[in-house]
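Structure, as structure tokens:
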Amino acid sequence: MSRRPRLESDRRWGKWFLASAVLGAANTLNARRPIGRRGRVGTFFFFPSWLTAELPLHALGWQAIASVGFARKGALRTPAGIAGLGVSAASWAGLVKIWRQSLEAGEIFDDALRDALGDELDAGRDPMAADDTVRIDRRRIAAGPLTRWRKRYVTPDNTGIAYGEAGRRNQLDVWKRHDLPDDASAPVLVQVHGGAWVIGDKEQQALPLMAHMAERGWVCVAVNYRLSPRATWPDHVVDVKRALAWVKDNIANYGGDPNFVAITGGSAGGHLSSLAALTANEATFQPGFEDADTSVAAAVPFYGVYDFTNRDGTGLASMESMLTRLVFKTTLADGRDDWERASTMSWVGPDAPPFFVIHGSNDTLVPVEQARSFVAMLRAESKNPVAFAELPGAQHAFEVFDSPRTLFTAGAVHRFLEAVRVREGQQANIDA
């Protein structure tokens, strides 16, 4: 190739490299400080922020590979290419900061749990300390979303179990270690998936958490429930409660203890799990099974929606139109009683079970301010511990991946629930 065509090619690749580097840096910046965190635009920018915030080293690797490719094409022989390399270096530094911030989650969880439980926390301490978990699971972190946890803990006999009459939407899976005896009387964790009450499935969410709990001798139950627009509120919570009733009646056959059932879930699942926890045995949400026991020992909602009426100004106004059209099928003005009864905040009281509320500071789909408000209400009313962990830099649905935050989160949830178990046992001894 003669000098002139080569210079033209180098300039072209240099410009492409600079454009690519700017795009990568913008994505890194969006992960650190999401664009439009409290507006409609935040929904659009959620996906790239979510991926990059939890997989920053993967993003760094992709950007570095692209940079090498551009360099081989001659991009670095041009001013634009040199500028692109500088922009990429700044982006890589930002990604390293995101990674380091995620490694601080262990301390945040420890502070949150100790603040809520005090010395009782040590009773539920995970023998695998948080730092050790991250260090020995580097391969797991590198695998990102590719670890196939479900196959390890769910057998064909324990999947697609019917708990109601709505077909696939009334089915659940039981997660347990294969060597766990059927008479083990293991503690139970019920997982409710998210998806804005219109999408989602029991096989898609909280897999790292359920794997962590199952490996440590727990029985986990992942449930489906009816979805809108086919379903209309309160079908969703009715199904969750029906699943809880099934667990209380049947989980002993799978090695679980019906006397210790906790509940968790993220997003819409955070709403449904927290609402179910605060409305134990509420007849209006249990049509046809009003006498069934649907109480839980503890609740761990992730990035949940706790209010549909925006009573304290912490909700997103954009959510109301979706709820009106798909979920409630009535406006807030016309159906305020139903909207208020569907709001977890409406049910806060002194008899709330122990709560561990988890939310990311960078959540663009459900503002963290609503979690703060909900926690303040709980702490003002509840007689039981209320732990709250606000994770800097974490997006909505952050714990889907096997990231450092996810590993710390799973360990913290385990510690919290084990401490609650000990606390209940100590209380039982006192009462006796």
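The values are calculated or read from the model by the stated rules, or taken from the named source; none is laboratory data. Bear in mind that the values here come from a model prediction, so they are computed numbers and not experimental data. So basically every Cβ, Gly included, is an ideal-geometry build from the backbone, and we count neighbours across all protein chains shown.
With the structure loaded, tell me whether residue 341 is basic (Lys, Arg), assigned by TED's automatic domain parsing to the domain that holds residue 389, over 16 Å from residue 373 (Cβ atoms) and surrounded by 16 or more Cβ atoms within 10 Å (Cβ to Cβ) or whether it fails that test.
Here the answer is yes, as residue 341 does meet what is asked.
Every residue in region 358-407 that is closer than 21 Å to residue 297 by Cβ and free of Cβ contacts under 8 Å to residues at least 60 places away in the same chain, please.
358, 375, 377, 378, 379, 381, 382, 383, 384
Any idea which residue in region 199-239 is surrounded by the most Cβ atoms within 10 Å (Cβ to Cβ), counting only those that are under 15 Å from the mean Cα position of the chain (by Cα) and of a type in the set (Gly, Ala, Ser)?
206
Looking at region 363-382, is at least one residue more than 21 Å from residue 275 (Cα to Cα) and in the same structural domain as residue 202 (by TED's automatic domain parsing)?
Yes, there is a match, as at least one residue in region 363-382 is more than 21 Å from residue 275 (Cα to Cα) and in the same structural domain as residue 202 (by TED's automatic domain parsing).
Consider region 211-249. How many of its residues are within 22 Å of residue 424 (Cα to Cα), in a helix (DSSP H, G or I) and not hydrophobic (A, V, I, L, M, F, W, C)?
So in region 211-249, the residues within 22 Å of residue 424 (Cα to Cα) come out as 213-214, 216-221, 244-245, 247-249.
Subset that is in a helix (DSSP H, G or I): 213-214, 244-245, 247-249.
Filter once more, keeping what is not hydrophobic (A, V, I, L, M, F, W, C): 248-249.
Qualifying residue count for the region: 2.
Which residue, of 198, 174, 190, is farther than 22 Å from residue 410 by Cα, of a type outside the set (D, E, K, R) and either in a strand (DSSP E or B) or modelled with pLDDT of 95 or more (or both)?
Matching residue, one of 198, 174, 190: 198.
Mind checking which residues of region 162-178 are among the aliphatic types (A, V, I, L, M) and touching a residue at least 60 places away in the same chain (Cβ under 8 Å)?
166, 172, 174 - these are the residues of region 162-178 that are among the aliphatic types (A, V, I, L, M) and touching a residue at least 60 places away in the same chain (Cβ under 8 Å).
Tally time: how many residues in region 179-199 are more than 26 Å from residue 323 (Cβ to Cβ) and touching a residue at least 24 places away in the same chain (Cβ under 8 Å)?
Step one: list which residues in region 179-199 are more than 26 Å from residue 323 (Cβ to Cβ), which gives 179-189.
Within this subset, residues satisfying the condition of being touching a residue at least 24 places away in the same chain (Cβ under 8 Å) are 180-189.
Qualifying residue count for the region: 10.
What are the residues in region 312-345 that are among the basic types (Lys, Arg) and closer than 16 Å to residue 271 by Cα, if any?
341
Is there a residue being touching a strand residue (DSSP E or B) at 6+ places or on another chain (Cβ under 9 Å) and at pLDDT 95 or above anywhere in region 328-343?
For region 328-343, residues touching a strand residue (DSSP E or B) at 6+ places or on another chain (Cβ under 9 Å) and at pLDDT 95 or above: absent.
Hey, could you check region 276-305 for residues that are in a helix (DSSP H, G or I) and farther than 23 Å from residue 207 by Cβ and say which is nearest to the chain's Cα centre (by Cα)?
Pass one, region 276-305, residues in a helix (DSSP H, G or I): 276-278, 283-285.
Imposing the further condition that a residue be farther than 23 Å from residue 207 by Cβ reduces the set to 278, 283-285.
On the way: 278: 19, 283: 29, 284: 28, 285: 25 Å.
Out of the qualifying residues, it is 278.
Before we move on, is residue 89 under 27 Å from residue 363 (Cα atoms), of a type in the set (A, V, I, L, M), assigned to a helix (DSSP H, G or I) and under 34 Å from the mean Cα position of the chain (by Cα)?
Details: under 27 Å from residue 363 (Cα atoms): yes; of a type in the set (A, V, I, L, M): yes; assigned to a helix (DSSP H, G or I): yes; under 34 Å from the mean Cα position of the chain (by Cα): yes.
Spelling it out, residue 89 is indeed under 27 Å from residue 363 (Cα atoms), of a type in the set (A, V, I, L, M), assigned to a helix (DSSP H, G or I) and under 34 Å from the mean Cα position of the chain (by Cα).
Which count do you get for residues in region 310-325 that are under 17 Å from residue 234 (Cα atoms) and either surrounded by fewer than 14 Cβ atoms within 10 Å (Cβ to Cβ) or more than 23 Å from the chain's Cα centre (by Cα) (or both)?
Of the residues in region 310-325, 2 are under 17 Å from residue 234 (Cα atoms) and either surrounded by fewer than 14 Cβ atoms within 10 Å (Cβ to Cβ) or more than 23 Å from the chain's Cα centre (by Cα) (or both).
Counting only residues that are surrounded by fewer than 21 Cβ atoms within 10 Å (Cβ to Cβ) and closer than 21 Å to residue 396 by Cα, how many does region 179-198 have? Steps first, please.
Initially, region 179-198 is screened for residues surrounded by fewer than 21 Cβ atoms within 10 Å (Cβ to Cβ), giving 179-185, 195-196, 198.
Adding the requirement that they be closer than 21 Å to residue 396 by Cα leaves 195-196, 198.
Residues in region 179-198 being surrounded by fewer than 21 Cβ atoms within 10 Å (Cβ to Cβ) and closer than 21 Å to residue 396 by Cα: 3 in total.
If I filter region 152-167 for residues that are within 24 Å of residue 406 (Cα to Cα), modelled with pLDDT of 65 or more and of a type in the set (A, V, I, L, M, F, W, C), do I get at least one hit?
Yes, some residue in region 152-167 is within 24 Å of residue 406 (Cα to Cα), modelled with pLDDT of 65 or more and of a type in the set (A, V, I, L, M, F, W, C).
Looking at region 34-51, is at least one residue touching a Phe, Trp or Tyr at 6+ places or on another chain (Cβ under 8 Å) and surrounded by fewer than 22 Cβ atoms within 10 Å (Cβ to Cβ)?
yes
Across region 377-393, what is the total count of residues that are of a type in the set (A, V, I, L, M) and over 18 Å from residue 109 (Cα atoms)?
3
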